[in-house]
């Protein structure tokens, strides 16, 4: 596996994402699948709503074996329900994730909360993540 953000950007032919980080669309049909890279200090800004923290973590041997654990360790998958806003930041030097969006994502339908006046932010928006 590539050990630096620069190597990952080259390996996956990633392009700058308008919100921060790097990405490339891998599949488009009824849904969109992208690979996304955030490096330390970069963040994907939130879009408001009630804040709920979901943590992604590595896929472990226990995950592969389907073993139940009581540990509050992050898993390899989190689901953000339809019509919810989201934010992301790396918990280390860099994080490489895949994102699947259905129905397919379109930048034409996209709004960035940071571009709105604070009076138009949804309730629960966390300005510290902008």
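The values are calculated or read from the model by the stated rules, or taken from the named source; none is laboratory data. Everything numeric in this text was worked out from a predicted model, so none of it was measured. Using ideal geometry, Cβ is built from the backbone for each residue, glycine included, and neighbour counts are taken over all protein chains shown.
List the pairs whose first member sits in the stretch 102-130 and is on the phi < 0 side of the Ramachandran plot and exposed (fewer than 14 other Cβ atoms within 10 Å of the Cβ), whose second member is assigned to a helix (DSSP H, G or I) and modelled with pLDDT under 75, and whose Cβ atoms are under 8 Å apart, counting only residues at least 6 apart or on separate chains?
Close Cβ pairs satisfying both conditions: 118/127.
Just a yes or no: is a residue in the stretch 14-30 modelled with pLDDT under 75, part of a loop (DSSP other than H, G, I, E, B) and more than 13 Å from the chain's Cα centre (by Cα)?
Step one: filter the stretch 14-30 for residues modelled with pLDDT under 75, giving none.
No, the conditions are met nowhere in the stretch 14-30.
Just for the stretch 79-101: of the residues that are surrounded by 14 or more Cβ atoms within 10 Å (Cβ to Cβ) and part of a strand (DSSP E or B), which one is modelled with the highest pLDDT?
Initial filter on the stretch 79-101 (surrounded by 14 or more Cβ atoms within 10 Å (Cβ to Cβ)): 85-90, 94-97, 99, 101.
From what's left, part of a strand (DSSP E or B): 88-89, 94-97, 99, 101.
Numbers: 88: 76, 89: 75, 94: 87, 95: 83, 96: 84, 97: 82, 99: 81, 101: 78.
Top of the filtered list is 94.
Yes/no per residue for (1) in contact with a helix residue (DSSP H, G or I) (Cβ under 7 Å, 6 or more places away or on another chain); (2) part of a loop (DSSP other than H, G, I, E, B); (3) modelled with pLDDT of 75 or more; (4) surrounded by 13 or more Cβ atoms within 10 Å (Cβ to Cβ):
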{"position": "41", "(1), (2), (3), (4)": "no, yes, no, no"}
{"position": "46", "(1), (2), (3), (4)": "yes, yes, no, yes"}
{"position": "59", "(1), (2), (3), (4)": "no, yes, no, no"}
{"position": "63", "(1), (2), (3), (4)": "no, no, no, yes"}
{"position": "69", "(1), (2), (3), (4)": "yes, yes, no, no"}
